[in-house]
Each structure stands twice: as structure tokens, then as C-alpha cells.
Amino acid sequence: MIDNGRALLIRRGSEPLRGEWSIPGGTLELGESLEQGVVRELKEETALTVGIVEMIEVFDRIYEAEADAAGGTLPEPSGVARKKGPRFHYVIIDYLCDRIDGEAKAGSDVTDVAFATEDELSKYGLTGYDIQYWNGSGWITISGGSMTGNNKVWRQVNFAAVTTTKVRVLTNAAIDNGYSRITEVEAWGN
């Protein structure tokens, strides 16, 4: 959600990424539509009533447990072994929303909320990302589009012209090895 040029952020109160800053979100309840889930989760996590503007992005995120790499088995307390593998696997659908009513405050599994302008986003942790375009069958990182050690909240990237219908910024590093999300991307050509 963007309000007066500021992105709404939440500090996660549960795994995965407990303590990291992110945009609000959560899981669907049985029988709930995607849009209903977005509105409910924002209300539960931030006390805000929102209206959906549009769907922005669909992607997945797989989190491996530190002692739980793929392959082999792990002992269970019951004595029965289970197959090693990912700890969490989420399909994430980001929506842009407008505030309808309410004042932001932490709720449910959130420990803090903040509104951040572009100039303030660096203190919320994004340090690495790839700028990618869709070639019709997959995402391709543009030449010069992989950023590491980022300490800026605004960065202009120039690259050779590409023909595409989609551009995305894939975050892959943040302070304390967490993840963060970009809230706005502008692209234009000559």
C-alpha cells in the first residue's frame, strides 16, 4: 500500500523472517478469495481498511531450514525419520492497495508498522537485487542489472533496449540476510 508517497511496511512477528521488514501479507483462509484475503490480512496486521487497485506480481519463495537441506532424512521426536527439504514454500501474489480508513498500528503477527518514503527505504534493509525482463518464456537479468552491496534508496540503471511486456526487480539480499521488497519501479525508453 502506498499512501502519500510512502510505502507501508510491517516488521514480521513470526517465521519465516521473524523481525524483518516486509510488506503486509499472510495466508488465505479456506473459501476466501485472493482479494478478500488481502483486505483481511491488511486489517489484521495493520488495522487499515483498504481497497484493491490491481495485482502487481506473482512469484514463489522457498526457504530452506539451516539444518534441513534437501535430500536425506531428519530424526523426529517420535523416532520416525522424515525427508529433508524446504521448511517453507510460498506462492506470493502482491497487490497494490489504497487506504480507505484507519490508522496504521501493529496487530496479529506484526511487531511494528512504518510508512517509508523512497529516501527512507534503505534503513529497512534492501542490499541486493536483479533487474529482469520477460522474454516470452522466462525472466532474464539485464546486462548490468545485478546489484550487490546496495546502500541507496533510489538508483538509475541504464541498459540496452529490450522488447518486453514485463519488468521486475527480484530482491535477493537484505541486511542480516533477510529479504525485502521494492515498492515502486519506473521504466521508460527513448
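What's the FRET efficiency of I52 with E29 using the Cβ-Cβ distance as r and R₀ = 25 Å, to the nearest 0.05? Here the calculated transfer efficiency is 0.90. A straight chain from D94 to T165 at 0.36 nm per residue would run longer than the Cα-Cα distance by 23.8 nm.
Using a 1.4 Å probe on the protein heavy atoms, what percent of the accessible area of region 23-66 belongs to carbon and sulfur? Carbon-and-sulfur percentage of accessible area, whole number: 56. Per-residue Karplus couplings for region 42-53, computed as 6.51 cos²θ - 1.76 cosθ + 1.60 with θ equal to phi - 60°, are listed in order as 4, 5, 5, 7, 10, 6, 9, 9, 10, x, 7, 8 Hz, Gly and Pro entered as x.
Sorted by packing (mean other beta-carbon atoms within 10 Å per residue), highest first, where do 129-137, 38-46 land?
Numbers: 129-137: 15.4, 38-46: 20.4.
Ranking the peptides 129-137, 38-46 by packing returns 38-46, 129-137.
The values are calculated or read from the model by the stated rules, or taken from the named source; none is laboratory data. In this text the structure is predicted, and so the values were computed from the model without any measurement. With ideal geometry, Cβ positions are generated from the backbone for all residues, glycine too; neighbour counts draw on all protein chains shown. All accessible areas refer to the heavy atoms of the entire protein, side chains included, with ligands and DNA or RNA removed. Shrake-Rupley method; radii C 1.70, N 1.55, O 1.52, S 1.80 Å.
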